[in-house]
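*Asks:* Starting off with a structure, shown below.
The values are calculated or read from the model by the stated rules, or taken from the named source; none is laboratory data. What you see is a predicted model, and the numbers here were worked out from it, not measured in a lab. In this analysis, Cβ positions are derived from the backbone assuming ideal geometry, glycine residues included, and neighbour counts consider all displayed protein chains. All accessible areas refer to the heavy atoms of the entire protein, side chains included, with ligands and DNA or RNA removed. Shrake-Rupley method; radii C 1.70, N 1.55, O 1.52, S 1.80 Å.
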Amino acid sequence: MPVWNRYRLAIVFGLVALGMAPLTALYFRNLWSQTHYQFFPVLLVAVAVLFVSRWKGDEDATAAEPFAVPASPDDEEPPALLWSRLRPLVALSIVGLGVVIEFAAIWAFPAVTPWGGYVGLLVAGFGMVLYVGAGRPVSLIPVWALMALILLPPENADDQLITYLQQRTASYTSQLLDFLGVDHVREGVVIEIASKKLFVEEACSGVQSLFSLLAIAAVLAVWYSRSLAHTALLFVAAIAGAGAINVLRTVTIVYGLDKIGIDLLSEPQHSILGMVVFVVALVWLVCCDAFLTFLMGPLDSPDAIESDNFWIVLWNRLIAGFRWETEPAPLPRSGPTMKLISTTALVALAVSGGTLAIASTKAVIASQRPGANPILAPVDEGKVIGTLGSLKEDFLPANLDGWEQVGFEVVKRSESNALGEHSRMWVYKAPFGLATLSVDYPFRGWHDLKTCYEGTGWSTSDVLTSQTAGGHGIYDVTQFTLRKHTRESALVVFAAMNEKLKPVPTREGGGTAQTFIDKIQKALRATDSMEVIAQFQILVQPSRQLGEKDVDDIHRHLNDLRARLVEHVRANAEVSP
């Protein structure tokens, strides 16, 4: 490729990348708040190293000109030559699609959507790799595909996976503890021994280990050009290894506390234990890769046998992933019409990239104004929600409209805890039983409280949605019933508010997504919500069956709690309209 063409492509693709940089930065900041995705900087380095190692730097291996035509109109056009002609057109079209997605992430929805922006980056990047990778797209495309490993799944599917892993880890841990003779009680993901009650959080259930091992397996597969079958089995090995070390780590912690008297939850013991078991899992993964390489190697055979034996061809091509060297397809020469189309397309992309850079930068700056989402700040530094840290026992009166206060507790957890890092809890004696009023924060986006209770051994049912007095037509209250195998029961009602003290729509039930566009926006909010929220709830453990008037009284107290919280925040923070 001529030097000018190189510079031209570098300028155009550089402008497109610059336009996508602001939303990508927001997306990565959001990703960093997800503990199980904090390996992504290492993955980005691995992708860069793979790109450099596979880029041969040979000008002859690169396409001579974009939008080429056959050497002679009379020549027969083989499929390889046809693809050589169409590849630049298809590639630039894909880049343009990525730019369109990026613009949509900024302007098509009520708030900027970093998740949509990252999707645009993946699409545009694929087009760029396809364009510049003539003779190399087969080896470069899998490298770029690694970037999809850090794309958050829709509808918070990773959170559902976290819950499932916690439950499986607690179940297998309990069985192994029974075998080892450790007396314990398990309720959901809570394991209780004589000296302590342990909650199997993300840090102990090894969610980070699973996601990290899957990423390592993918990098190994791309680095050594493993076949799809080899890669799939390597992923299975990563999942099995992560599950085994999660159980091993949790059993070690519980056994150490109960039988030996060693607290492996304290630092630095906990971190050292985590590193040791992760190294064990990494060694397991490398050994599995070596074994699969031995087991699934290509079958050596003469060309005649290779061409005649269907099963050898199938094994070598699909299972072993073996590729024979082929003669490179002849590069076609360029035509004036296609050159004009190429130049026009590149100019359009350059203009779009520059416009996108301005628009996305403005959107990012606007999102950092007071009261907006503090995307570039840690999740616990919300300008408004952070004022809830000053709530004390006297925030709620001793007599709350007929409910008598009997207790107060302040709870601080780890930042990644599913129950929230901070909680303020007031326990009241109501006419129908005990009622716990709680304020929990911070969360990013709507938080499914049912999952937390299910993790502690409760089963949920009878889910209903409604709106608080301050909901203004938004369904923001979720109500559900709790039950245990011990026949205990409880009722929970909860809602949430954001940094502007606006209600956060519930994702339960109907009434919040009426049109097709509303459904798309709702799905994006669930996946990509960056707003810092606080959740307030009432947990009622009744002494008798609750009647309709009792439930109305509970909702009335929830409205009162919300009004008091809004009044407290307005008195202690500047809230933008």
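*Asks:* For the stretch 157-296, what is the accessible area per residue in Å² when the probe is 1.4 Å?
*Replies:* Details: 6780 Å² over 140 residues.
That works out to 48 Å² for each residue.
*Asks:* Once you place label points 7 Å from the Cα toward the Cβ at Ala398 and Trp311, how far apart are they in nm?
*Replies:* Going by the 7 Å Cα→Cβ label model, 8.7 nm.
*Asks:* Continuing with this model, one more query. Which order do the peptides 420-426, 244-250 take when ranked by the mean count of other beta-carbon atoms within 10 Å per residue, highest first? Before the final figure, lay out each step's value.
*Replies:* Numbers: 420-426: 20.3, 244-250: 22.0.
Highest mean packing first, the order is 244-250, 420-426.
*Asks:* How far apart, in nm, are the 7 Å Cα→Cβ label points at Ala563 and Phe294?
*Replies:* Each label point is offset 7 Å from its Cα along the Cβ direction, giving 7.4 nm.
*Asks:* Using 0.36 nm per residue of separation minus the Cα-Cα distance, give me the extension gain between Thr486 and Gln38 in nm, one decimal. Provide the component values of the computation, followed by the final result.
*Replies:* On the way: separation 448, 0.36 × 448 = 161.28 nm, distance 3.92 nm.
Extending this stretch completely gives an extra 157.4 nm.
*Asks:* Could you give the length gained on full extension between Arg556 and Ser461, defined as 0.36 nm per residue of separation minus the Cα-Cα distance, in nm? Numbers along the way, then the final one.
*Replies:* On the way: separation 95, 0.36 × 95 = 34.20 nm, distance 2.18 nm.
Length difference between fully extended and current span is 32.0 nm.
*Asks:* Same structure, new question: How much length is gained if the chain between Ala148 and Arg54 is pulled fully straight, taking 0.36 nm per residue apart and subtracting their Cα-Cα distance, in nm to one decimal?
*Replies:* Going from the current span to full extension adds 31.9 nm.
*Asks:* Quote the charge dipole size of the stretch 157-296 about the Cα centre in Debye, to the nearest 20; the model charges only the Cβ of Lys and Arg (+1) and of Asp and Glu (-1).
*Replies:* Using only the charged Cβ atoms, the result is roughly 320 debye.
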